[in-house]
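The values are calculated or read from the model by the stated rules, or taken from the named source; none is laboratory data. Worth saying up front: this structure is predicted, and the values here are computed from it rather than measured. We place every Cβ from the backbone using ideal geometry, glycine too, and count neighbours over all the protein chains shown.
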Number of protein chains: 2
Amino acid sequence: LSCIKRAIVDIAKKIKKTGEDDPRRILHSFKVAFAITLVSLVYYLEPFYHGMGDAGMWAIMTVIVVFEYTVGATLCKGMNRGFATFLAGALGVAAEWFSDLFGPTVKPIVICFLVFIAVGIASFARFIPSMKRRYDYGLLIFILTFSLIAVSGYRVEKLIEMAHQRFSTIIFGGATGIAVSMCVCPVWAGEDLHKLTVLNMEKLASFLEGFGGEYYSISNEDDKSFLAAYKSVLNSKATEESLANFAWWEIGHGKFLFRHPWKQYLKIGVYTRQCAHHIEALHGYLDTRLEVSSEFQKSIQEPCMKMSSEVGKALKELALSMKRMVYPSTSATHIENCKTAIEEFNTTLQASNMENWNIVETIPVIATISILIDIIKCVETISEAVEELSN
Amino acid sequence: LSCIKRAIVDIAKKIKKTGEDDPRRILHSFKVAFAITLVSLVYYLEPFYHGMGDAGMWAIMTVIVVFEYTVGATLCKGMNRGFATFLAGALGVAAEWFSDLFGPTVKPIVICFLVFIAVGIASFARFIPSMKRRYDYGLLIFILTFSLIAVSGYRVEKLIEMAHQRFSTIIFGGATGIAVSMCVCPVWAGEDLHKLTVLNMEKLASFLEGFGGEYYSISNEDDKSFLAAYKSVLNSKATEESLANFAWWEIGHGKFLFRHPWKQYLKIGVYTRQCAHHIEALHGYLDTRLEVSSEFQKSIQEPCMKMSSEVGKALKELALSMKRMVYPSTSATHIENCKTAIEEFNTTLQASNMENWNIVETIPVIATISILIDIIKCVETISEAVEELSN
């Protein structure tokens with residue numbers, strides 16, 4: 001019994017966490033339910049029902065499969081479904097008409113052959129990256145509709161009527177789905193991509209700003225979450241790419257115009273991840289910080305602290321200017337400060353007496369600085385990409 | 001005109017590349033076409049047609065949406081569709097029966113309310129990570145079938161008949177899809193995951209084996225592709241996780257039993273990616289190799305070369321033993337060699353006269369060694385995980 005109780009508590013916790021992670025999910029669930037209830041009304045309102053008949057079922061189906069979390073994804077699926085149905089319907093009718101020329105005995109063979117060829121080609125096209133990215137669902141629907149219409153084996157007049165009815169219900173369902181998705185508290189993929197890119201930069205910036213203090217164990221921050229937050233950036237590629245794909249379908253919204261340069265966000269994402277890879281390497285040196293000869297470490301404490309805090313500030317400024325969609329004007333000074341710090345470090349190092357230190361123990365310290373210098377280079381690249389976006 | 005010609009050549013190249021990247025894709029396209037042609041035969045063979053009627057359309061639809069590239073994905077979708085249709089059908093009939101109790105006027109309101117609640121809950125459940133991973137498609141089909149059956153508004157007897165017919169055609173279509181996917185040149189997700197994990201380790205191993213020669217510019221290898229191959233490992237997380245999810249559904253095949261520890265592959269994948277992150281940092285130092293004082297570099301050439309080649313060999317042995325599914329027995333010696341090389345390096349460094357070198361110019365060299373040492377630690381973790389898998 002306690003086992004069941006624990007399982008229920010477990011599930012309740014999972015549900016709570018899912019809702020808390022992104023409260024818009026709860027709203028989305030209501031939106032889906034609302035859209036479906038709306039479309040299912042056609043079954044109850046007499047005039048609608050007579051217009052559509054049992055094909056109204058297709059409207060419900062379309063809403064359900066088309067309705068996605070973001071507006072972009074819904075538009076992508078809706079448009080794909082609409083166009084693919086239209087194209088496949090037309091080709092299906094043509095195939096039916098063409099096969100009729102061969103007489104009733106040969107007709108099934110001709111149809112089977114045509115279906116085989118069309119399905120084979122469309123299935124293969126789903127593997128081509130550029131097709132997969134934008135038209136994967138459309139190709140699936142093409143296969144579906146073409147097979148159904150070509151195979152149905154009705155007389156052509158009835159077939160056209162059927163194709164027309166199915167197409168109009170799909171348009172009806174798709175339009176309802178898109179309208180609800182876009183008008184009731186919309187979740188824009190483009191906005192999410194924008195926020196994600198900014199958030200990722202902020203995560204890296206927080207790590208870098210706090211790194212110096214952590215490394216010298218002089219930080220009195222209790223909340224150490226900033227040390228692990230950057231890890232999610234490492235695996236953000238798939239999310240960013242799918243958001244950018246969906247954003248491509250979206251109309252202008254909020255601060256973003258139609259055809260906002262979403263590709264530039266992917267570029268910034270690549271550089272941000274590159275920076276995150278270096279931070280991952282840097283993170284490893286936090287564990288070795290106690291074993292190191294403190295004397296050498298202390299002698300370079302000032303430039304090291306300055307480097308990490310200034311590069312963090314530069315990145316934070318870049319994130320802020322991206323958030324506000326303005327030209328990043330203040331980050332350049334912080335990058336300049338970083339470069340001064342690198343020079344300071346070099347001078348300190350050259351002036352100091354190497355013989356006093358245990359060289360083996362200095363290896364991790366020097367590696368840390370070297371990675372910090374690489375990170376500064378990375379941030380410069382990010383800065384250029386952000387500038388390009390703001391133009 | 002030349003523009004059109006170029007576009008066609010472009011598309012042809014893309015198609016060729018897609019086919020060459022994985023020739024099984026061409027086969028898959030034929031498999032899909034074959035499965036659909038097979039199911040569409042029910043329309044032409046009289047006895048089948050009488051048994052199914054127009055619901056045969058649902059069989060074609062099921063094959064099309066269920067048929068995926070790997071057996072695991074097909075099984076996942078097929079099982080999800082089957083169970084979800086059954087459950088939603090039963091609940092839909094129950095909802096219809098329940099709402100009948102309220103009389104014809106209130107019935108539509110009760111049904112709308114039930115649909116709203118059920119769809120809302122199921123939509124939200126799709127966000128819960130553990131549900132999303134395995135039952136996402138099932139939840140979608142649940143929403144679909146429940147809405148359709150509850151809303152259809154037929155009399156209960158006819159509804160049961162309809163649900164029964166739909167369910168049996170879905171089983172027929174799903175079974176055909178699964179059978180073709182499993183029997184005609186199957187593509188197993190588990191096998192792909194196994195191969196991918198091994199390949200990723202091999203890519204890292206090739207980089208490490210070649211790194212020493214590249215770094216000291218003494219390699220006479222013409223093919224430099226091994227220097228960039230590791231980059232695909234950095235972003236392999238999503239692919240690995242989806243393959244592991246699909247592999248969970250698969251029955252035993254080839255060398256893999258049912259319930260093979262696929263989770264362990266994900267663990268090895270995490271460590272491999274960690275290693276790849278360090279290699280990404282290491283790769284950056286290849287560009288700085290010419291600016292560095294050659295004297296210091298030469299003094300540590302031997303241990304450095306040894307470290308990188310031995311750690312590469314260790315990883316290659318691990319990959320090989322994983323490929324053959326045997327206990328990794330020879331990799332331990334290579335890891336031991338690495339550790340000897342680290343000690344040699346430390347001794348060389350302590351014995352050498354630091355005053356002769358420009359300390360600033362040695363920074364990247366020392367950082368390189370430090371990262372190599374980190375990589376050796378990573379490979380040790382991978383080795384433990386591979387040993388665990390082989391037990």
Check B:VAL187 against each of (1) buried (at least 19 other Cβ atoms within 10 Å of the Cβ); (2) assigned to a helix (DSSP H, G or I) and name the one condition it does not meet.
(2)
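May I ask you to list the residues in region A:190-223 that are not acidic (Asp, Glu) and not in a helix (DSSP H, G or I)? Show your work before the answer.
Going through region A:190-223, the residues not acidic (Asp, Glu) turn out to be A:190, A:193-201, A:203-208, A:210-213, A:215-220.
If the condition is that a residue be not acidic (Asp, Glu) and not in a helix (DSSP H, G or I), then A:TYR216, A:SER217, A:ILE218, A:SER219, A:ASN220 are the ones that fit.
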Can you tell me how many residues within region A:205-229 are within 16 Å of A:GLU280 (Cβ to Cβ) and out of contact with any Lys or Arg (no Cβ under 9 Å at 6 or more places or on another chain)?
4
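Given the condition at positive phi and either modelled with pLDDT of 90 or more or hydrophobic (A, V, I, L, M, F, W, C) (or both), answer yes or no: does some residue in region B:307-325 qualify? Give the steps one after another, and end with the answer.
Of the residues in region B:307-325, the ones at positive phi are B:325.
Still in the list and also either modelled with pLDDT of 90 or more or hydrophobic (A, V, I, L, M, F, W, C) (or both): B:325.
Yes, region B:307-325 contains at least one residue that is at positive phi and either modelled with pLDDT of 90 or more or hydrophobic (A, V, I, L, M, F, W, C) (or both).
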Could you tell me whether region B:146-155 includes any residue that is among the polar types (S, T, N, Q) and closer than 30 Å to A:ALA7 by Cα?
yes
Hey, does region A:83-93 have a residue that's within 30 Å of A:PHE30 (Cα to Cα), surrounded by fewer than 16 Cβ atoms within 10 Å (Cβ to Cβ) and touching a helix residue (DSSP H, G or I) at 6+ places or on another chain (Cβ under 8 Å)?
yes
Taking A:ILE178 as the residue in question, decide whether it is touching a Ser or Thr at 6+ places or on another chain (Cβ under 6 Å) and among the aliphatic types (A, V, I, L, M).
yes
Pick from region B:28-42, criterion small (Gly, Ala, Ser) and within 8 Å of chain A (Cβ to nearest Cβ), ranking: farthest from B:TRP188 (Cα to Cα):
B:SER40
When A:ILE4 is run through (1) at pLDDT 85 or above; (2) within 12 Å of chain B (Cβ to nearest Cβ), the failure sits at (2)
The one condition A:ARG289 fails out of (1) part of a helix (DSSP H, G or I); (2) at pLDDT below 80 is (1)
Please go through region A:242-289 and pick out each residue that is more than 17 Å from the chain's Cα centre (by Cα) and among the polar types (S, T, N, Q).
A:GLN274, A:THR288
So, in region A:201-250, exactly how many residues are surrounded by 14 or more Cβ atoms within 10 Å (Cβ to Cβ), of a type in the set (A, V, I, L, M) and without any contact (Cβ under 8 Å) to a residue 60 or more places away in the chain?
6
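Looking for something of a type in the set (Val, Ile, Thr), assigned to a helix (DSSP H, G or I) and without any contact (Cβ under 8 Å) to a residue 24 or more places away in the chain - is there at least one such residue anywhere in region A:367-389? Can you show your working first?
To start, the set of residues in region A:367-389 that are of a type in the set (Val, Ile, Thr) comprises A:368-369, A:371, A:373, A:375-376, A:379, A:381-382, A:386.
Restricting the remaining residues to those that are assigned to a helix (DSSP H, G or I) gives A:368-369, A:371, A:373, A:375-376, A:379, A:381-382, A:386.
When the remaining residues are screened for being without any contact (Cβ under 8 Å) to a residue 24 or more places away in the chain, the result is none.
Among the residues of region A:367-389, not one is of a type in the set (Val, Ile, Thr), assigned to a helix (DSSP H, G or I) and without any contact (Cβ under 8 Å) to a residue 24 or more places away in the chain, which makes the answer no.
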Those residues of region A:16-36 which are touching a helix residue (DSSP H, G or I) at 6+ places or on another chain (Cβ under 8 Å) and at pLDDT 85 or above amount to A:ARG25, A:ILE26, A:HIS28, A:SER29, A:PHE30, A:LYS31, A:VAL32, A:ALA33, A:PHE34, A:ALA35, A:ILE36
If I go through region A:123-151 residue by residue, how many of them are free of Cβ contacts under 8 Å to residues at least 24 places away in the same chain and small (Gly, Ala, Ser)?
3
Out of region B:78-117, which residues are within 28 Å of B:TRP248 (Cα to Cα) and among the small types (Gly, Ala, Ser)?
B:GLY78, B:GLY82, B:ALA84, B:ALA88, B:GLY89, B:ALA90
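In this structure, is B:ILE143 within 22 Å of B:THR74 (Cβ to Cβ), within 11 Å of chain A (Cβ to nearest Cβ) and under 32 Å from the mean Cα position of the chain (by Cα)?
Numbers: within 22 Å of B:THR74 (Cβ to Cβ): yes; within 11 Å of chain A (Cβ to nearest Cβ): yes; under 32 Å from the mean Cα position of the chain (by Cα): yes.
Against the criterion (within 22 Å of B:THR74 (Cβ to Cβ), within 11 Å of chain A (Cβ to nearest Cβ) and under 32 Å from the mean Cα position of the chain (by Cα)), B:ILE143 qualifies.
Might you check whether a residue that is under 19 Å from the mean Cα position of the chain (by Cα) and not basic (Lys, Arg) occurs anywhere in region B:116-129? Outline the logic, then answer.
Step one: list which residues in region B:116-129 are under 19 Å from the mean Cα position of the chain (by Cα), which gives B:129.
Those left that are additionally not basic (Lys, Arg): B:129.
Among the residues of region B:116-129, at least one is under 19 Å from the mean Cα position of the chain (by Cα) and not basic (Lys, Arg), which makes the answer yes.
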Scan region A:11-27 for residues that are more than 10 Å from chain B (Cβ to nearest Cβ) and among the acidic types (Asp, Glu) and jot them down.
A:GLU20
For region B:146-158, does any single residue satisfy the condition of being of a type in the set (A, V, I, L, M, F, W, C), closer than 20 Å to B:LYS77 by Cα and surrounded by 14 or more Cβ atoms within 10 Å (Cβ to Cβ)?
yes
